[in-house]
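The values are calculated or read from the model by the stated rules, or taken from the named source; none is laboratory data. Predicted, not measured: the structure shown is a model, and the values here were computed from it. As a convention, Cβ positions derive from the backbone with ideal geometry for all residues, glycine included, and neighbour counts pool all protein chains shown. We work out accessible area using only protein heavy atoms, side chains counted, and drop any ligands, DNA or RNA first. Shrake-Rupley method; radii C 1.70, N 1.55, O 1.52, S 1.80 Å.
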Amino acid sequence: MQFDPATCPVIVGTGQVNDRPADPLQGRDPPALMAEALRLADADAGGGWLARVDSLAVVSQISFPQLNPVDGRVAELLGIAPRHSEQTPLPHGDGPVRLLDEAATRIAQGRARVVAVTGAEALRTAGALAKAGGQGGDNVLQAAARARPTDYRGAYGLRLPVDVYPLYENALRASLGQSLAEGQAESGAIWAAMSQMAAANPAAWMREPVAAETIVTPSADNRPIAFPYTKLMVANAAVNQGAGFIVTSLAEARAHGIADDRLVFVGLGAAAKEPADFLARADYRSSPSLEISIREALRRNSVAAEELAHAELYSCFSCMPKMARRVLGWPLDRPVSLFGGLTFGGGPIANYMSHAVASMVDALRAGGGKGLLFANGGYATDSHTIMLGSEPFAPTGAPRDYDVQAQADALRGPVPSLDPSYAGAAEIESYTVHYRRDGSARSGTIVARTAQGSRTLALVPGEDTATIAFLTDGAAEPVGARGEIVAGEGGLSYWRAA
């Protein structure tokens with residue numbers, strides 16, 4: 001294969017940090033974790049690389065918002081002064097893959113010789129500080145959860161990712177013709193396999209395998225969060241973790257003595273977004289951005305899904321790897337994560353995929369082949385896929401523009417209009433139930449289609465035990481069920497079964 005080593009991007013070093021002191025108050029803050037991760041990446045690459053870094057890219061952190069932006073602090077801790085420095089504008093899970101793609105572009109275009117990418121969270125320490133009356137305070141997720149809802153979506157309980165992703169889970173299950181038991185069994189199998197991967201990964205946060213049935217069954221230690229998700233089915237954000245990696249050109253790597261079996265080549269990426277407003281999407285059973293991102297990454301790198309040795313399919317909630325594995329044709333018995341998933345590997349908010357990159361590099365160094373990294377951010381909003389391999393990819397001279405938004409938009413179906421004041425006959429498009437910490441139902445949220453085809457929201461009070469049971473017991477499929485939306489207290493709409 002003919003290519004120019006000077007414009008061929010490779011990863012030469014990775015580093016991961018688990019900061020878990022017995023006293024959480026003694027934990028390091030995110031900039032310190034980021035700097036330590038890059039020191040480890042530098043050592044992994046043989047040393048001397050940090051002094052040559054001319055581009056530093058940092059994933060946004062939420063643990064200590066008063067420190068933002070932190071890229072300058074990271075550079076200070078490392079004693080470096082890169083010409084280019086940035087922090088992602090939002091703490092979205094696609095951030096590390098986007099920064100990797102952009103780092104490879106900077107290398108390929110000759111705009112940088114050495115790029116360092118890092119991110120970290122210290123929510124374990126921030127939470128301990130907040131309880132002790134220190135400076136941790138609320139992070140943005142806690143603040144959003146405690147804030148009094150002032151908009152239409154929040155008034156119906158749709159404020160956080162954990163409120164919105166169940167809409168995809170339940171709509172996807174129904175569209176696949178799965179019963180609730182079948183859908184949960186698939187989730188349990190995916191999550192159990194990730195727990196096994198985490199148990200074998202020294203960088204993971206939770207190191208014990210968990211059985212599929214335990215994962216999906218509510219219990220005192222595994223309380224329900226938002227139907228159908230339990231605590232063991234959602235991201236574990238109460239971690240102090242950091243990860244980073246160093247990207248350079250093949251020519252630069254060889255000039256500084258990096259052995260070929262230590263090099264991991266960066267292929268082409270593909271990225272697209274769904275509308276930021278999750279009520280302005282065509283449906284909740286699919287994601288055109290996810291589908292096009294994965295398919296285009298494969299096509300651009302001339303790789304068939306069957307050729308992949310590994311895949312990391314973003315796992316904040318099980319609907320994401322479920323959709324992604326169907327695009328890939330990825331069998332249920334193949335792990336969808338090398339790091340261990342956001343539950344067991346650890347869920348450091350936007351920086352999870354930096355750990356996935358590091359784990360993928362380890363696997364490719366050990367066994368060769370090609371690996372796919374699919375990242376997701378926001379409310380199933382941002383999709384970014386990229387390829388890594390132990391050998392160069394075929395289209396090494398191709399432009400590195402990862403934007404495939406036009407293809408995703410072309411695939412998207414019509415978006416229903418929103419009718420917040422609707423009353424009358426309606427059909428359930430998707431739904432979830434929100435739970436208190438004691439496991440009791442607080443309320444249910446119905447996303448419904450009106451008789452005219454518009455979309456609207458309705459509440460189910462937690463005291464309406466019959467409807468809550470209908471939504472959660474699996475005896476019948478709620479999606480597609482008909483009922484009535486009626487006006488109620490506070491100007492809100494409520495669901496009444498037909």
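The calculated 222 nm mean residue ellipticity attributable to helices in the chain amounts to -9500 deg cm²/dmol, summing -39500 (n - 2.57) over DSSP H runs of n ≥ 4 and dividing by all residues. Comparing the stretch 321-471 with the 2.2 N^0.38 Å rule of thumb, its C-alpha radius of gyration ratio is 1.43 (two decimals). For the stretch 306-363, the Stokes-Einstein estimate of translational diffusion at 25 °C and a viscosity of 0.890 mPa s comes to 211 µm²/s, using the Kirkwood hydrodynamic radius over alpha-carbon pairs. Estimated from the Cβ-Cβ distance and a Förster radius of 51 angstrom, the FRET efficiency linking D277 and A22 is about 0.70. The stretch between D473 and L90, if pulled fully straight at 0.36 nm per residue, gains 134.1 nm over its current Cα-Cα span. For the stretch 344-420, the spherically averaged projection of the C-alpha convex hull amounts to 8.4 nm². Distance between the 7 Å Cα→Cβ label points at R83 and A251: 1.5 nm.
Partners of K322 within straight-line reach, counting lysines whose Cα lies under 22 Å from its Cα and excluding those fewer than 8 residues away in the same chain: K231, K273, K370.
Remark: spin-label model distance A211-L332 equals 1.8 nm, labels positioned 7 Å along the Cα→Cβ axis.
Among the protein heavy atoms of the chain, carbon and sulfur supply 52% of the accessible surface, probe 1.4 Å, non-protein parts ignored.
Hey, what's the Kirkwood Rh for the stretch 277-316 if you take every pair of different alpha carbons, in angstrom? One over the average 1/r among Cα pairs gives 12.2 Å for the stretch 277-316. Please list, in order, the residues from the stretch 255-273 whose amide nitrogen is less than 13 Å from a point placed 7 Å along the Cα→Cβ vector of D409. So the set is 272-273. The mean of 1/r over all pairs of different alpha-carbon atoms in the chain, once inverted, gives a Kirkwood hydrodynamic radius of 23.2 Å. Span-like helix check, the chain: qualifying full DSSP H segments, with Cα axial length of 20 Å or more and mean Kyte-Doolittle of -0.5 or more, are 30-44, 161-175, 180-199, 352-367. The reciprocal of the average 1/r between distinct C-alpha atoms defines the Kirkwood hydrodynamic radius, which for the stretch 156-313 equals 19.1 Å.
Dipole magnitude for the stretch 426-478: computed about the Cα centre from +1 point charges on Lys and Arg Cβ and -1 point charges on Asp and Glu Cβ, it is near 240 debye. Could you tell me the calculated FRET efficiency between A130 and A394, based on Cβ-Cβ distance and R0 = 56 angstrom, to the nearest 0.05? After rounding to 0.05, the efficiency reads 0.65.
Whole-Hz Karplus values for the stretch 266-273 come out as 9, x, 7, x, 8, 9, 7, 10 Hz, taken residue by residue from phi with 6.51 cos²θ - 1.76 cosθ + 1.60 and θ = phi - 60°; glycine and proline positions read x. I need the Debye-formula profile for the stretch 451-498: one equal scatterer per C-alpha, no solvent, reported as log10 I(q)/I(0) at q = 0.20, 0.22, 0.24, 0.26 1/Å, two decimals. Debye curve over Cα of the stretch 451-498, log10 I(q)/I(0) at q = 0.20, 0.22, 0.24, 0.26 Å⁻¹: -0.74, -0.87, -1.00, -1.12. Distance between the modelled labels on K231 and D4, one decimal in nanometres: 5.6 nm (7 Å Cα→Cβ projection). Take the Cβ atoms of E484 and Y152, set R0 to 25 Å, and the FRET efficiency comes out at 0.80.
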